[in-house]
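Visitor: Pasting a structure here, questions to come.
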Amino acid sequence: MDLPLPDIHLKDIGKKENGATPGEVVQSLIGALNKAILKAVAPLNLDKVGEVAGKAVEGTKDVVEGAAKGVTDAVSDILGK
């Protein structure tokens, strides 16, 4: 089954806080992706598919956030904190 997702437009991530960490950027992106997936699936009346998609996105978010934290820590170590 093909399911088109709407375009996702994010802007001003971290603007209020004078910047955002890689993890915060990824969290914003994953949140927007999760909303787009649930919006695309909703008209199909497949509640279980929506739940599975949401859980898959959450699992992906955890992996990406962990990787982003590792990159941030490595850069901090290189720059001498």
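Visitor: Determine the alpha carbon to alpha carbon distance for each of K35/K55; K16/K39; K16/K69; K39/K61; K15/K39; K35/K61 and list only those over 23 Å.
Guide: Beyond 23 Å between Cα atoms: K16/K39; K15/K39.
Visitor: Which value in nm describes the separation of the simple spin-label points at K39 and E17, placed 7 Å from the Cα toward the beta carbon?
Guide: Label-label distance for K39 and E17, simple model: 2.3 nm.
Visitor: Using the Karplus curve 6.51 cos²θ - 1.76 cosθ + 1.60 with θ = phi - 60°, what ³J(HN,Hα) values do you get for each residue of region 60-67, in whole Hz, with x for Gly and Pro?
Guide: Taking θ as phi minus 60°, the curve returns 5, 4, 4, 5, 5, 5, x, 5 Hz for region 60-67.
A short reminder: the numbers here are calculations on the coordinates, not readings from a lab. Quantities reported herein were computed from a predicted structural model and do not represent experimental measurements. All Cβ positions, glycine included, derive from the backbone under ideal geometry; neighbour counts span all protein chains shown.
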